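Worksheet: one structure, shown below.
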Amino acid sequence: MAKSRPPFASPITRILESLLDRYRDCREGDVASYIPELAKVDPDTFGICVATLDGHVYEVGDSRRRFTVQSISKPFVYGLSLDDHGVDGMARKVGVEPSGDAFNAISLGEEDGRPLNPMINAGAIATTGQVLAGDPATRLARILEMFRRYAGHPLEIDAAVYQSEARTGHRNRAIGHLLRNYDVLTDDPTPVVDVYFRQCSILVDCHDLALMAATLANQGRNPVTKERAIRAEHVESVLSVMASCGMYDSSGGWIHDVGMPAKSGVGGGVLAVLPGQFGIGIFSPRLDQKGNSVRAVRVCADLSEAWELHQFNPPYCPQTSRRHVHTSAEKHSSRSRHAREAACLRDHGDAIRVFEVQGSLSLATTEPIVREVLSAASDLRSLIVDFQHATAINVSSVALLADLASQLRDMGICVLFTHASRLPEIPRVVADRLGPVAAADILRHQSLDAGLESCENDLISAFLPDQDRRILDVSDYELAAGLSDTERAVLTSLLITRRYGRGESIVREGDEAHALFLIASGVVGAWTGPGGESARRTASFSPGTMVGGMAFIDGGPRSATLVADDDVECAVLQRGDFERLESTHPVVYAKILRNIAISLAAKLRLASAHLDLVTRRR
Ligand code: GLN
């Protein structure tokens, strides 16, 4: 029997375990005892969790041991009040300046009594009083509901810790009365302080803390449940006060050394946030002089150094949003074109440039694209920015691209954004900045292929004289290439002219093939898939090209439905007539067969080039 392998451990988990090992013997500091019940905690408990923004949690040690959240509740309740009153509304009640004082300092603004920030007790009690509710029970229920959204499950209150603080928290009650004195709190402060005691007694574990932190790192959306816990625009306010005031009177040293917004609580927890990256939750109850968990502070400092997490010196990340840039001279749309049109695209196609962008577009990754477009702009006739492979874009990046589009349009350049409706910010911001008419024009083609085809048509009509775009004679058909006058006369005698009105079907997908169509005028579109909305236009054909060649040759069913894009005239070659040529005019038969093969080869090349475009990864 095969020996079963030991389970693989992630190198991330190993690093977290090594931190547990490094600090397990550190017994510096003391557990908080000013709230008597807190002194009962096992001082050696130690857990670390890191939650990613796709909701994976790495956990080591006592990661599921519960403890009271205490001051870590403050930034979250502040976020709830911001959602209730907005930044300006809250600014009238609580400041955002670090106090440099201890967390329980009676630190109120001299004139208006406004606490300096929401992370010290005075500011936190004032903040709890701002949570909109008709009565204390509703206020607490709203706070618990808010925590449920962050943690992803309901949290409960430790009744013993709450009662212990309620019995002994005279200093916080005094702060409540001072806030009432200055009219920062406008009602009886006692029930507000009581809700504050209860919010501090909410039970969490490291796993919860990491997910709560990851929710803040994820612009306020819980990475597991995807539920929004706070309005995205308030996350920066919450994280800013955490960065400047979250670690009490050692906040300056913390942000200098560790470089990430964090919040600690006297219960022994520390929560740290790496915006846009992940959330960290640590629990170890022995506290330093300032009230921060000794081990948690060290673990965060080590992690920051080992993983280069300092927010003010992020490692250079050579991420690019430029996936692929090509011109119409290099790659064209799925339109099959007559040799003269194809030559025109080869000669002038550099004037059409396609920028395929990818990933998450921010100012830093959009700026080089804007610069590259501008450096090419003087030679451009059309610009397409394709968003098929973009996963996210921020408003400022759309604004940059919209302003670029506006400038190019003023210079007479056609600008198209394709696959733009995938990211709702694009149509919204383009319409906001350029108005609905210009936005509709820029966004008029959903697919890159359709956009490219229309830019090519525009280029061809500008550069190719009218008569070169029409089929005047049988010798213009690609099917007649290499035929002598007498051979061409044989072919001509077999061709029957047919006309189709705009929108009329020429053949249907799945039909038996009896004929080959040579397009004399108009454009034919090939559609596949079930009809109606889900039908897809997979290719199209210009005058001079042949269509229907595949089924004509192999006798299989039609691979697509052919529809006249506009009024179409075709010269039709019946399969039976063609087959008879093999014995009557074998040379003509062979030449036509070769021309069909060449045409199919060209389509195969076009299809491979497309496949390459679609599957290319950068
Ligand atoms: N409930 C505690 C208090 O007000 C919270 C303090 C803290 O965690 N720093 O004293």
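Output the residues belonging to the stretch 121-171 that are aliphatic (A, V, I, L, M), open to solvent by 10 Å² or more (accessible area, probe 1.4 Å) and either touching a Phe, Trp or Tyr at 6+ places or on another chain (Cβ under 6 Å) or more than 13 Å from the ligand (Cβ to nearest atom) (or both).
Matches in the stretch 121-171: Leu132, Ala133, Ala137, Leu140, Ala141, Leu144, Leu155, Ala159, Ala160, Ala166.
Please specify each residue of the stretch 418-446 satisfying the condition of being open to solvent by less than 20 Å² (accessible area, probe 1.4 Å), closer than 18 Å to Ser396 by Cα and either outside any helix (DSSP H, G or I) or acidic (Asp, Glu) (or both).
Leu423
Of the conditions (1) in contact with a Ser or Thr (Cβ under 8 Å, 6 or more places away or on another chain); (2) surrounded by 18 or more Cβ atoms within 10 Å (Cβ to Cβ); (3) part of a strand (DSSP E or B), Ser599 satisfies every one except a single condition; which number is it?
(3)
Yes/no per residue for (1) in contact with a His (Cβ under 9 Å, 6 or more places away or on another chain); (2) not β-branched (Val, Ile, Thr):
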residue	(1), (2)
Gly259	yes, yes
Ile280	no, no
Asn292	no, yes
Asp302	no, yes
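Here are some residues: Asp205, Asp288. Which one is away from the ligand (no atom under 16 Å from the Cβ), under 23 Å from Ser33 (Cα atoms) and either open to solvent by less than 10 Å² (accessible area, probe 1.4 Å) or over 23 Å from the mean Cα position of the chain (by Cα) (or both)?
Sole residue among the options that is away from the ligand (no atom under 16 Å from the Cβ), under 23 Å from Ser33 (Cα atoms) and either open to solvent by less than 10 Å² (accessible area, probe 1.4 Å) or over 23 Å from the mean Cα position of the chain (by Cα) (or both): Asp205.
Scan the stretch 358-372 and report the pairs whose first residue is without any contact (Cβ under 8 Å) to a residue 12 or more places away in the chain and whose second residue is crowded, with 17+ Cβ neighbours inside 10 Å, with Cβ atoms within less than 6 Å and a gap of 6+ or a chain change.
Within 6 Å, no pair qualifies.
What number of residues in the stretch 472-488 are in a loop (DSSP other than H, G, I, E, B) and open to solvent by less than 50 Å² (accessible area, probe 1.4 Å)?
Of the residues in that region, 4 qualify.
Of Arg536, Arg617, Arg594, Arg605, which residue is modelled with pLDDT of 90 or more, surrounded by fewer than 16 Cβ atoms within 10 Å (Cβ to Cβ) and of a type in the set (D, E, K, R)? Spell out how you get there, then give the answer.
Values: Arg536 fails: modelled with pLDDT of 90 or more; Arg617 fails: modelled with pLDDT of 90 or more; Arg605 fails: modelled with pLDDT of 90 or more.
Going through Arg536, Arg617, Arg594, Arg605 in turn, just one is modelled with pLDDT of 90 or more, surrounded by fewer than 16 Cβ atoms within 10 Å (Cβ to Cβ) and of a type in the set (D, E, K, R): Arg594.
Restricting the search to the stretch 57-106, which residues are charged (D, E, K, R) and open to solvent by 10 Å² or more (accessible area, probe 1.4 Å)? It would help to see each step written out before you state the result.
Here is the first cut: in the stretch 57-106, the ones charged (D, E, K, R) are 59, 62, 64-66, 74, 83-84, 88, 92-93, 97, 101.
Within the stretch 57-106, Glu59, Asp62, Arg64, Arg65, Arg66, Asp83, Asp84, Asp88, Arg92, Lys93, Glu97, Asp101 meet the criteria.
Filter the stretch 546-570 down to residues that are open to solvent by less than 10 Å² (accessible area, probe 1.4 Å) and more than 42 Å from the chain's Cα centre (by Cα), then give me how many there are.
6
Within the stretch 64-74, is even one residue in contact with a helix residue (DSSP H, G or I) (Cβ under 7 Å, 6 or more places away or on another chain) and over 30 Å from Ala229 (Cβ atoms)?
The answer is no, given that none of the residues of the stretch 64-74 is in contact with a helix residue (DSSP H, G or I) (Cβ under 7 Å, 6 or more places away or on another chain) and over 30 Å from Ala229 (Cβ atoms).
Please give the number of the condition Val297 fails out of (1) of a type in the set (Val, Ile, Thr); (2) more than 13 Å from the ligand (Cβ to nearest atom); (3) within 31 Å of the chain's Cα centre (by Cα); (4) farther than 30 Å from Ala392 by Cα.
(3)
Residues that are of a type in the set (D, E, K, R): list the helices (runs of 4 or more DSSP H) wholly contained in the stretch 243-362 that include at least 2 such residues.
Answer list for the stretch 243-362: 294-306, 339-348.
Given the conditions (1) touching a strand residue (DSSP E or B) at 6+ places or on another chain (Cβ under 9 Å); (2) away from the ligand (no atom under 16 Å from the Cβ), report the number of the one that Phe67 does not fulfil.
(2)
Can you report the number of residues in the stretch 34-64 which are more than 14 Å from the ligand (Cβ to nearest atom), within 12 Å of Gly267 (Cβ to Cβ) and outside any helix (DSSP H, G or I)?
Residues of the stretch 34-64 more than 14 Å from the ligand (Cβ to nearest atom): 40, 42-64.
Filter again for within 12 Å of Gly267 (Cβ to Cβ), leaving 40, 45.
If we keep only those that are outside any helix (DSSP H, G or I) too, we end up with 45.
Qualifying residue count, the stretch 34-64: 1.
In the set Val266, Val270, Val235, which member is at pLDDT 95 or above and either more than 17 Å from Ile120 (Cα to Cα) or of a type in the set (S, T, N, Q) (or both)?
Val235
Is there any pair linking a residue in the stretch 164-183 that is without any contact (Cβ under 8 Å) to a residue 12 or more places away in the chain to one that is acidic (Asp, Glu) and more than 10 Å from the ligand (Cβ to nearest atom), with Cβ under 9 Å and at least six apart or on different chains, and which?
Taking only residues 6 or more apart or on different chains, the pairs are Arg180/Asp187; Arg180/Asp188.
Answer yes or no as to whether Val192 is β-branched (Val, Ile, Thr), more than 16 Å from the ligand (Cβ to nearest atom), surrounded by 21 or more Cβ atoms within 10 Å (Cβ to Cβ) and closer than 24 Å to Phe103 by Cβ.
The answer is no for Val192.
The values are calculated or read from the model by the stated rules, or taken from the named source; none is laboratory data. Everything numeric here is computed off the predicted structure, so don't read it as measured data. Neighbour counts are summed over all protein chains in view; Cβ atoms, including those assigned to glycine, are modelled from backbone coordinates with ideal geometry. Surface accessibility is based on the protein's heavy atoms, side chains included, excluding ligands, DNA and RNA. Shrake-Rupley method; radii C 1.70, N 1.55, O 1.52, S 1.80 Å.
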